[in-house]
Amino acid sequence: MIPLSGDLGDTKGVVKEKIGSFGTTRGTSTLKRGFAHMLKNGVVMDVTTVEQAQIAEDAGAVAVMVLDKLPSDVRKAGGVARTASIRIIQEIMDSVTIPVMAKCRIGHVYEAMVLQETNVDMIDESEVLTPADENRHIWKWDFTSPFVNGARNLGEALRRIEEGAAMIRTKGEPGTGNVAEAVIHIKNVNTELRRIKSIYDAGDEQDLISVARELKVSYSVVEQTASLGRLPVVNFAAGGISTPADAAYLMTLGCDGVFVGSGIFKADDAKERAQAIVLATTFWEDPDKVKEAQKMIDERQSMLGLDTKNLELRMQERGSTA
């Protein structure tokens with residue numbers, strides 16, 4: 001069963017059409033969240049070119065995320081980071097058979113509308129790009145396309161789900177090659193999930209109402225999440241993953257898959273690293289397989305990485321937390 005907490009049945013994003021004698025309905029929560037479920041236990045790779053997208057597909061990625069610049073380059077370039085060139089997105093869509101995602105700026109409704117018209121498979125309202133609205137995220141129920149959003153804790157995740165996100169990714173700190181923040185974020189979510197699960201199991205409805213007020217979301221979303229003991233949508237890890245062991249470790253913490261970008265294509269062994277991270281994500285429960293994946297890469301060819309404690313720009317903090 002795909003949980004549908006926070007579902008809004010009568011929205012602009014649900015489109016009913018006739019194809020010959022058959023009726024179809026697009027944009028429902030079942031379809032949006034179902035697409036995310038199909039990606040579970042896989043790797044989504046950030047790409048900027050057709051060549052990178054083909055490397056990702058050949059390595060076994062379940063999808064690619066198209067950007068104008070990889071997160072590490074966005075960090076170095078500064079200025080304003082916007083959605084990728086539509087021409088590049090279309091070229092990549094024509095060159096691979098796996099799903100193609102693309103990023104829009106937080107709150108930028110029209111970038112999202114353009115991406116929907118481009119027929120990307122999922123839209124990432126991403127803090128990697130420069131936020132267009134520091135106070136509000138996009139109301140995603142108005143879109144037929146599914147959205148993925150970042151979160152650092154349970155409150156952020158549930159607020160994005162209530163806005164219509166069909167998938168969550170823990171933010172980490174993009175473009176650093178340092179997995180520490182991604183680990184912190186999934187552990188934050190797990191700790192808060194255990195807390196509300198224990199309240200639910202104790203039958204303390206009043207305390208659960210207090211939690212809903214604290215998290216600034218509806219009681220129904222909190223109740224269903226607590227009953228499940230996990231987020232009601234698929235949750236991938238992201239930000240700083242650069243080795244097979246990084247990916248496997250995050251899977252052991254309860255993630256459904258991983259997003260990787262700079263960690264692959266800023267390394268000197270991108271093809272081998274892409275294959276190794278897919279292998280480790282798929283067989284994360286088998287340390288021997290992860291060891292073999294780790295042997296496929298050379299640490300001397302990894303991206304140098306950054307100390308997340310001394311960053312001038314912390315992408316995870318961009319955009320509204322409300």
Practice item. State which residue pairs qualify: first residue more than 15 Å from residue 141 (Cα to Cα) and inside the stretch 14-27, second residue in a strand (DSSP E or B) and among the acidic types (Asp, Glu) in any location, beta carbons under 9 Å apart, and separation of 6 or more residues or different chains. Key: 23/17; 24/17
Check your understanding: Looking at this structure, is residue 111 more than 16 Å from residue 45 (Cα to Cα), charged (D, E, K, R) and open to solvent by less than 10 Å² (accessible area, probe 1.4 Å)?
Key -> no
Exercise for review: Name, by its number, the condition in (1) of a type in the set (Ser, Thr, Tyr); (2) open to solvent by less than 40 Å² (accessible area, probe 1.4 Å); (3) part of a helix (DSSP H, G or I) that does not hold for residue 83.
Suggested key: (3)
Exercise for review: Report the residue count in the stretch 284-322 for those that are open to solvent by 70 Å² or more (accessible area, probe 1.4 Å) and either at pLDDT below 75 or of a type outside the set (Asp, Glu) (or both).
Suggested key: 14
Practice item. Looking only at the stretch 193-205, decide whether some residue is buried (at least 18 other Cβ atoms within 10 Å of the Cβ) and either under 27 Å from residue 70 (Cα atoms) or touching a Gly at 6+ places or on another chain (Cβ under 8 Å) (or both). Key: yes
Point to revise | Tally, over the stretch 239-274, of residues that are touching a residue at least 60 places away in the same chain (Cβ under 8 Å), open to solvent by 10 Å² or more (accessible area, probe 1.4 Å) and of a type in the set (A, V, I, L, M) | key: 2
Point to revise | Odd one out for residue 203 among (1) of a type in the set (Gly, Ala, Ser); (2) over 17 Å from residue 181 (Cβ atoms); (3) in a helix (DSSP H, G or I); (4) out of contact with any Ser or Thr (no Cβ under 7 Å at 6 or more places or on another chain) | key: (3)
Check your understanding: Of (1) more than 20 Å from residue 175 (Cβ to Cβ); (2) part of a strand (DSSP E or B); (3) open to solvent by less than 10 Å² (accessible area, probe 1.4 Å), residue 101 satisfies all except one. Which?
Key -> (1)
Practice item. Search the stretch 58-82 for residues being under 25 Å from residue 38 (Cα atoms) and not aliphatic (A, V, I, L, M), and hand back the single one that is farthest from the chain's Cα centre (by Cα). Key: 58
Exercise for review: Mind listing whichever residues of the stretch 31-57 are open to solvent by 80 Å² or more (accessible area, probe 1.4 Å), within 28 Å of residue 141 (Cβ to Cβ) and not hydrophobic (A, V, I, L, M, F, W, C)?
Suggested key: 41
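The values are calculated or read from the model by the stated rules, or taken from the named source; none is laboratory data. For clarity, every value in this text was computed on a predicted model and none was experimentally measured. Cβ atoms come from the backbone with ideal geometry, glycine included; neighbour counts cover every protein chain shown. All accessible areas refer to the heavy atoms of the entire protein, side chains included, with ligands and DNA or RNA removed. Shrake-Rupley method; radii C 1.70, N 1.55, O 1.52, S 1.80 Å.
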